[in-house]
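Report on the following structure.
Quick note: the coordinates plus some simple rules give every number you see, no bench work behind them. The structure presented is a predicted model; accordingly, all values stated were derived computationally and were not measured. Quick reminder, even Gly has a Cβ in these numbers, built from the backbone with ideal geometry, and neighbours come from all protein chains shown.
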Amino acid sequence: MDYKIALAAGDGIGPEIAGIATKVLDKIGEKYGHEFTYENILLGGASIDAHGVPVTDEAIEIAKSSDGILLGAVGGWKWDTIEPKLRPEQGLLKLRKELQVYANLRPAIIYKELRDASPLKNEILGDGIDILVVRELVGGIYFGERKTYEEDGLRTAYDMEKYNEGEIRRIAKIAFESAMKRNKKVTSVDKANVLDSSKLWRAVVEEVHKDYPEVKLEHLYIDNAAMQVVRDPRQFDVILTNNIFGDILSDEISQITGSIGMLPSASLGDNGPHLYEPIHGSAPDIAGQNLANPLAMILSAAMMLRYSFNLETEAKAIEEAVEKTLAAGFRTGDIAAGKEKIGCKEMGEEVLARI
Ligand code: IPM
Ligand code: MG
């Protein structure tokens, strides 16, 4: 089959890791008889430099008419002082919103070879960690009304956290459906002891739970959840949470698996096309130096094969190649934990050689 991929390499380390992901896909194509074609779209700082805005309508149209969108990372120091509405991140948020990819799946597993890179003790890691963060992606405080103004002579600003029951119900369904295919436990994370939006979140999650009696549901406040993921990460299966808590919690969880450079994500909507992106940022401090870890990006491409193209065997082939590469001892700097390091490109070559 032919698949048309919109490729948004973005900024910083984005182009380096995106280039490796397309090589991996091409190798899969060769081996399994598929053709992947790429249409590049500019996003974030790259688009600001070319067009003065972090994403253009044309880029969004190309994304919408593709079979799947693969994204590197956006942002960098160069654009840090730009007007807030034009920041690189706004391009990504607009793309997510336009595509209505409301369900961000962030699987966090700890590879046995990378246990040394985890800051947690061996007895806490036990026989391993396997958590799926289901983060709401197109609502909440990221998209609520916001304003910076003067009140009583003081500079004042606010951002509104707002959800309706429909937005909560659809993401809760995704979490319960995911749990049914896993270990049948959902931990919903909120701040219902303080926030109205969280009280509604909790009530709707409980309603949806009625359709999934086999799944065990627990609720945790975000502060407690942030503590529990380092105290006893093995208690979690699926973590369901809103946009802002999911952003924070997934970075924390990525670190306990060894490195944020390892975690892929899939952002899914009801009607495709879906968006695939590593959870890490553009890492401007190491950009262009062949130091980045391309594995989160490669694993995001695998998620695209699985969720958008229904190519499970091919997705597994990539994931197994990554595992074998780690087992053979190859490490980028972020996961080296004292071992010898190789560069981003070399890491890509090692994975390619194992497909
Ligand atoms: C992420 C990132 C983005 C987010 C930024 C770049 C806007 O941190 O995907 O987690 O906050 O969603
Ligand atoms: Mg984040």
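Which of these, S47, S250, S267, has the largest mean-square fluctuation under a Gaussian network model of the chain (Cα springs below 10 Å)?
Among S47, S250, S267, the largest mean-square fluctuation in the Gaussian network model of the chain belongs to S47.
Evaluate E = 1/(1 + (r/R0)^6) for D2 and E349, where r is the Cβ-Cβ distance and R0 equals 22 Å; express this FRET efficiency to the nearest 0.05.
0.25
Report ³J(HN,Hα) in whole Hz for each residue of the range 7-13, in order, from the Karplus equation J = 6.51 cos²θ - 1.76 cosθ + 1.60 where θ = phi - 60°; Gly and Pro get x.
10, 10, 5, x, 10, x, 6
If the viscosity is 1.567 mPa s and the temperature 4 °C, what Stokes-Einstein diffusion coefficient in µm²/s follows for the chain when Rh is the Kirkwood radius over Cα pairs?
Estimated diffusion coefficient is 62 µm²/s.
Using amide H atoms built 1.01 Å from N in the peptide plane, name the residues 5+ places from G72, or on other chains, whose amide H lies under 5 Å from its own.
Residues meeting the amide H criterion: A8, A9, G10.
Would the range 8-120 count as rounded, prolate or oblate if I go by the C-alpha gyration tensor, calling it rounded below 1.5 in a/c and otherwise prolate when a/b exceeds b/c, oblate otherwise?
oblate
Pulled fully out, how much extra length does the chain show between D130 and K112, if you take 0.36 nm times their separation in residues and subtract their Cα-Cα distance?
5.3 nm is the gain from fully extending D130 to K112.
With a sphere of radius 10 Å drawn around the Cβ of D190, what net charge do the other residues whose Cβ falls strictly inside it have (Lys, Arg +1; Asp, Glu -1)?
For residues surrounding D190, the net value is +3.
Cα-Cα pairs above 20 Å in the range 148-232: how many percent? Please list the in-between numbers first.
Values: 1636 of 3570 pairs.
Within the range 148-232, distances greater than 20 Å cover 46 percent of Cα pairs.
Name the residues whose placed amide hydrogens come within less than 5 Å of the amide hydrogen of A108, ignoring near sequence neighbours (fewer than 5 apart) on the same chain.
I131, L132, V133
Kirkwood Rh, Cα Rg: Rg to Rh for the range 268-350? Working shown, then result.
Numbers: Rg = 14.2 Å, Rh = 13.9 Å.
The Rg/Rh ratio comes out at 1.02.
Roughly speaking, what is the stretch gain from K184 to N290, that is 0.36 nm per residue apart minus the C-alpha to C-alpha distance, in nm to one decimal?
The K184-N290 span can extend by a further 34.1 nm.
Which ³J(HN,Hα) values, rounded to whole Hz and listed in residue order, are derived for the range 279-291 from phi using the Karplus coefficients 6.51, -1.76 and 1.60 in 6.51 cos²θ - 1.76 cosθ + 1.60 with θ = phi - 60°, glycine and proline given as x?
Couplings: 7, 7, x, 8, 6, x, 5, 10, 4, x, 10, 6, 10 Hz.
Go ahead and run the numbers for FRET between L86 and E35, Cβ-Cβ distance against an R0 of 35 Å, rounding to 0.05.
Computed FRET efficiency for L86 and E35: 0.45.
Which one of A302, A336, A18 has the biggest mean-square fluctuation once the chain is modelled by GNM with Cα springs under 10 Å?
Greatest mean-square fluctuation among the candidates belongs to A336.
Could you tell me the center-to-center distance, by alpha carbons, between the range 65-131 and the range 200-272 in angstrom?
Taking the Cα centre of each part, the range 65-131 and the range 200-272 sit 14 Å apart.
Comparing V205, V229, V133, which has the greatest mean-square fluctuation in the GNM of the chain with Cα pairs linked when under 10 Å apart?
Residue with maximal mean-square fluctuation among V205, V229, V133: V229.
Could you pull out every one of the aspartates and glutamates with an alpha carbon less than 17 Å from that of K4, ignoring same-chain neighbours closer than 8 positions?
D26, E30, E35, E39, E58, E61, D67, E277, E314
Output ³J(HN,Hα) for the range 28-39: one whole-Hz value per residue in order, computed from phi by the Karplus curve 6.51 cos²θ - 1.76 cosθ + 1.60 with θ = phi - 60°, and x for Gly and Pro.
After applying 6.51 cos²θ - 1.76 cosθ + 1.60, I find 4, x, 4, 6, 10, x, 10, 10, 9, 10, 10, 10 Hz.
Return the Rg/Rh ratio of the range 91-158 with Cα-based radii and a Kirkwood Rh.
Ratio value, two decimals: 1.25.
Estimate the FRET efficiency between M227 and E165 by the formula 1/(1 + (r/R0)^6), using the beta-carbon distance for r and 30 Å for R0, to the nearest 0.05.
0.55
Can you tell me the convex hull volume per residue for the range 210-355, based on C-alpha atoms, in Å³ to the nearest whole number?
Working: hull volume 23.3 nm³, N = 146.
Taking the convex hull of the Cα positions in the range 210-355, it is 160 Å³ per residue.
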